[in-house]
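Colleague: This is the structure I want to talk about, given as structure tokens.
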Amino acid sequence: MSPTPIIVIGRIPKILDKVREDLLPEYDAIHMLNDVDRSIKDLPLLLTETPKKPEDSATNAGSQNYSARPLAVAVGGYFDDAMFNQMKDTCKAVDKGIVWLRPDTTKFKSMPSLSDTDAFGIAMAERVKTKLIELGVGKETGTEEGVHFF
């Protein structure tokens, strides 16, 4: 079975890389973003029923497998409510059937230090994967949309 396509948004590239690696084999981070401006530009293209390849995607660290629409967008803890809402609101016309994940920041106390990017990425990937599995994202009877905290 093919991995479920998702998008991952986080501020630190090394952590993003580790999250992408550790989401496999269940989930494929097809596109990774690390700022609001690029997210606002790329997300509406990626979340259409027939995903469109964003400009400059050749250098994107995601798998770049744009053959299927992503089913979830996982957003990291750097992005506050205003930034999250700005990204999500840009996608209102195309985000039907998309699960949005945000971190429960009260759980950050139990996370490894941000300075240990590998350990932090592993822990973040585990939290994202656990929530996606709990929601059944990619399964016929799974959750198909909404904002959920992990």
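Colleague: Give me the dipole magnitude in Debye, nearest 20, for the chain about the Cα centre, with unit charges on the beta carbon: positive for Lys and Arg, negative for Asp and Glu.
Modeller: Charge dipole of the chain: 80 debye, to the nearest 20.
Colleague: So between Thr141 and Gln86, what do we pick up on full extension, going 0.36 nm a residue minus the alpha carbon distance?
Modeller: Between Thr141 and Gln86, full extension yields an extra 16.9 nm.
Colleague: When the Cα centres of segment 4-26 and segment 90-118 are compared, how far apart do they sit, in Å?
Modeller: 11
Colleague: Return the calculated 222 nm mean residue ellipticity for the chain, to the nearest 500 deg cm²/dmol, obtained by summing -39500 (n - 2.57) across DSSP H runs with n ≥ 4 and dividing by the residue count.
Modeller: Roughly -10500 deg cm²/dmol at 222 nm, from the helical runs in the chain.
Colleague: Rank-order 128-140, 4-16 by packing density, defined as the average count of other C-beta atoms within 10 Å over each peptide's residues, highest first.
Modeller: For the peptides 128-140, 4-16, the packing ranking is 4-16, 128-140.
Colleague: Determine by what factor the alpha-carbon radius of gyration of the chain differs from 2.2 N^0.38 Å, reporting the quotient.
Modeller: Against the compact-globule rule of thumb, the ratio is 0.94.
Colleague: While we're here: As an exercise, identify the trypsin sites (Lys or Arg not before Pro) in segment 27-66 lying in DSSP coil whose Cβ has no more than 16 other Cβ atoms within 10 Å.
Modeller: Answer in residue order: Lys52.
Colleague: Let me ask you something else. Suppose R0 equals 22 Å; then what is the FRET efficiency for Glu126 and Ser57 from their Cβ-Cβ distance, rounded to the nearest 0.05?
Modeller: Efficiency computed from Cβ-Cβ geometry: 0.20.
Colleague: For segment 1-84, build the charge dipole from Cβ charges (+1 Lys, Arg; -1 Asp, Glu) around the Cα centre, then report which of Gly10, Pro25, Val75 sits farthest towards its positive end.
Modeller: The residue sitting farthest along the positive end of the dipole is Pro25.
Colleague: Exactly which GluC sites (Glu not before Pro) in segment 1-66 are in a DSSP loop and have at most 12 other Cβ atoms within 10 Å?
Modeller: Glu49, Glu55
Colleague: Among Ser63, Ser115, Ser39, Ser2, which comes first, then next, by fewest other beta-carbon atoms within 10 Å?
Modeller: Ser115, Ser2, Ser63, Ser39
Quick note: the coordinates plus some simple rules give every number you see, no bench work behind them. Not measured: the values here are computed from a predicted model. Counting neighbours? That spans all protein chains shown, and the Cβs are built from the backbone with ideal geometry, glycine included.
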